[in-house]
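First comes the structure, then the notes that go with it.
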Amino acid sequence: MNNSESTAADEQVIQRLAKAVEGIRQQLRQVIVGQDDVIDQLLISLFSRGHCMLEGVPGLAKTLLISTLARSLSLSFSRIQFTPDLMPADITGTDIIEENRSTGQREVRFLEGPLFSNIILADEINRTPPKTQAALLEAMQERQVTVGRVRHQLSDPFFVLATQNPIEQEGTYPLPEAQQDRFMFKVLVTYPSFEQEFEVARRTTTTQSDSIVPTVAPEEILALQNLVREVPVSDHVIRYTLSLVRQTRVGEEGVPEIVADQLAWGAGPRAVQFLVVGAKARALMQGRSHVTVQDIQALAGPVLRHRIVVNFAAESDGITSDSIIDALLESTPTQEDELANDARFQTIFAS
């Protein structure tokens with residue numbers, strides 16, 4: 001394939017994804033006011049074959065956003081309200097004994113649980129015991145559930161959106177950091193602006209109804225997910241990503257003073273993988289067939305904020321993981337020659 005043919009193929013890929021993204025956004029805007037960053041991060045995660053955790057106070061339309069996204073994608077949707085008495089079989093399904101009316105014999109049949117859908121809303125995931133959380137996380141990682149000795153494949157595409165409430169922490173079971181690591185993004189859903197909340201009040205207090213039309217079929221989503229993986233990434237962008245993530249690892253050579261003093265734990269290799277593949281999806285969504293350092297910087301917050309843990313002293317001073325990430329972004333050179341010639345980063349590269 002010559003250069004002109006390659007460029008034409010790239011343009012077709014970009015237009016294909018851009019058309020799908022714009023169609024989804026148009027459908028969501030009928031129901032959701034604002035939250036553009038949240039929507040973009042959800043779509044990046046979807047096209048990257050990742051899962052998302054959303055955190056925000058009640059009443060910010062997290063559930064409405066997710067259910068509307070499912071409707072606009074022509075995907076099956078299940079909402080699971082996590083409670084302290086929810087058992088693994090309640091979400092994975094269970095074997096039941098059923099009598100065959102024609103033969104009179106009893107047969108064992110698997111009754112599918114709500115996980116057998118394309119989009120799963122795990123509402124308030126931190127309100128259910130670890131055993132049920134583990135069942136969901138196994139399904140996220142393996143895309144299958146095991147009941148007895150039989151493995152059952154889940155639907156494809158399979159996209160889990162879990163919500164957490166930052167308040168009312170009594171009687172909850174917070175996800176350990178190792179389990180949070182299975183989520184590609186942790187997305188913060190914030191309060192709307194005055195104009196946005198005005199529009200919300202105007203829309204939701206009338207008889208106005210939406211008319212969501214599915215714009216993307218499941219087969220198209222799978223094809224777009226494969227196209228994202230084919231986007232090229234330069235060695236410099238990968239080196240920058242590694243530099244950013246490896247700086248969070250307490251006790252390693254070359255980490256900055258802010259990390260040594262304020263972090264208890266850093267991010268693992270999965271953070272690098274999610275940053276790179278998420279940057280590929282973001283590049284395509286913005287009409288580019290190549291990844292830049294700016295794509296990595298834009299996704300550093302949602303990828304890293306639940307993978308690094310501030311220590312007790314830093315937490316007491318009001319320092320958050322996001323403030324550490326911002327400091328690392330400011331101190332990490334973006335130019336290839338600056339990054340390669342920096343003595344501290346040379347130490348990181350050699351470790």
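The values are calculated or read from the model by the stated rules, or taken from the named source; none is laboratory data. Note that this is a predicted model, so its numbers are computed, not measured. Neighbour counts run over all protein chains shown; Cβ positions are idealised from the backbone, glycine included.
Within region 319-337, take every residue that is under 15 Å from I238 (Cα atoms) and without any contact (Cβ under 8 Å) to a residue 24 or more places away in the chain and give me the one that is farthest from the chain's Cα centre (by Cα).
Going through the qualifying residues, I end up with D337.
Would you mind listing the strands (runs of 3 or more DSSP E) fully within region 30-115 where at least 2 residues are free of Cβ contacts under 8 Å to residues at least 60 places away in the same chain and in contact with a strand residue (DSSP E or B) (Cβ under 7 Å, 6 or more places away or on another chain)? Write out each step before concluding.
Values: elements: 52-55, 77-81, 93-99, 106-112.
Passing ranges, in order: 77-81, 93-99, 106-112.
Residues of region 276-305 being over 14 Å from D235 (Cα atoms) and not in a helix (DSSP H, G or I), which ones?
If the condition is that a residue be over 14 Å from D235 (Cα atoms) and not in a helix (DSSP H, G or I), then Q286, G287, R288, S289, R305 are the ones that fit.
Among E195, E168, E177, which is in the same structural domain as D85 (by TED's automatic domain parsing) and modelled with pLDDT of 80 or more?
E195
Every residue, every condition in (1) closer than 25 Å to V38 by Cβ; (2) modelled with pLDDT under 80; (3) within 23 Å of the chain's Cα centre (by Cα), yes or no:
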residue: V189; (1), (2), (3): yes, no, yes
residue: E199; (1), (2), (3): yes, no, no
residue: V213; (1), (2), (3): yes, yes, no
residue: V231; (1), (2), (3): yes, no, yes
residue: I238; (1), (2), (3): no, no, yes
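Could you list, ordered by first residue, the pairs with Cβ atoms under 8 Å in which the first is in region 12-29 and in the same structural domain as Q286 (by TED's automatic domain parsing) and the second is among the aromatic types (F, W, Y) and surrounded by fewer than 17 Cβ atoms within 10 Å (Cβ to Cβ), at least 6 apart or interchain?
none
Test V216 against the stated conditions and say whether it is touching a residue at least 12 places away in the same chain (Cβ under 8 Å), within 22 Å of H306 (Cα to Cα), crowded, with 17+ Cβ neighbours inside 10 Å and touching a Gly at 6+ places or on another chain (Cβ under 9 Å).
no
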